[in-house]
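What follows is a short report on a single structure.
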């Protein structure tokens, strides 16, 4: 039983209680290493959807055609319907593509796509299909960002994480000895300090992953995936994730509370409102 007198934000308390504080650091794939797998997935879904039709057109979009179509915006309903038929995956998961010197290019980093929250369950289901999993590296794990990247709060990033043989992160929250948040010119950040063991592993990890991103994951969602520019020694690091002050404070509290072996489930809750003046 947990009693919290004076709390005015019950939803915030629920999130804190149900978090397992499973902070983990994972290596990642680069976007260009996964894009071909996404293309194969799109083509596979397309063929499955066309399988019940009498005539199946044998046409597979080239990368240039895919990039051009995805970059073209049109209000035409027929074009939207055609895009959904030709690109069932890419119509709900916008690949991480940008423009350079007037040409469409795959963006660097661990983000492989962006999707509306209403489509994330569908994408998850597709990526769990055994035949589709064969298109990807055996250690590929897709994880969503904790926060939306747009002001409307609807679009989330999909990050390409690398699993390990035993399924355990190379570094986890057990090595954290302190955490605090601070505000600066670049927003709110959460700073963490590791013990001697963690500092050594972190230095080794950042040295080996130079040029790649490391995903900072809490309870299976990605808070940040900074690119490693050099070896980080000393065991001090920062987590950035476009936090509000309340979100940063919550994260600090969860990290400092320690790693729980299982998640908590709220089976009953009640709110007692006292009379004014008591």
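Before moving on, here are some points about what is shown:
- Scope region 236-247; condition over 12 Å from residue 146 (Cβ atoms) and touching a residue at least 60 places away in the same chain (Cβ under 8 Å); matching residues: 245, 246
- Within region 98-138, the set of residues being farther than 30 Å from residue 165 by Cβ and in contact with a helix residue (DSSP H, G or I) (Cβ under 6 Å, 6 or more places away or on another chain) comprises just one member, 104.
- Identity of the residue in region 103-122, over 17 Å from residue 39 (Cα atoms) and surrounded by fewer than 19 Cβ atoms within 10 Å (Cβ to Cβ), that ends up modelled with the lowest pLDDT: 103
- Those helices (runs of 4 or more DSSP H) of region 1-98 in which 1 or more residues are modelled with pLDDT of 90 or more occupy 31-50.
- Residue 173 under 27 Å from residue 253 (Cα atoms), at pLDDT below 90 and surrounded by 16 or more Cβ atoms within 10 Å (Cβ to Cβ): yes
- Flag for residue 254 being surrounded by 14 or more Cβ atoms within 10 Å (Cβ to Cβ), touching a strand residue (DSSP E or B) at 6+ places or on another chain (Cβ under 8 Å), at pLDDT below 90 and part of a helix (DSSP H, G or I): yes
- Residues in region 215-230 that are assigned to a loop (DSSP other than H, G, I, E, B), surrounded by fewer than 20 Cβ atoms within 10 Å (Cβ to Cβ), touching a strand residue (DSSP E or B) at 6+ places or on another chain (Cβ under 8 Å) and touching a residue at least 40 places away in the same chain (Cβ under 8 Å): 220 only.
- Residue 233 farther than 20 Å from residue 248 by Cβ, surrounded by fewer than 18 Cβ atoms within 10 Å (Cβ to Cβ) and in the same structural domain as residue 250 (by TED's automatic domain parsing): yes
- Any hit, region 206-218, residues being touching a helix residue (DSSP H, G or I) at 6+ places or on another chain (Cβ under 8 Å) and modelled with pLDDT under 90: yes
The values are calculated or read from the model by the stated rules, or taken from the named source; none is laboratory data. Nothing here was measured: the structure is a model prediction, and the numbers come from that model. Glycine also receives a Cβ, built like all others from the backbone with ideal geometry; neighbour counts cover every protein chain displayed.
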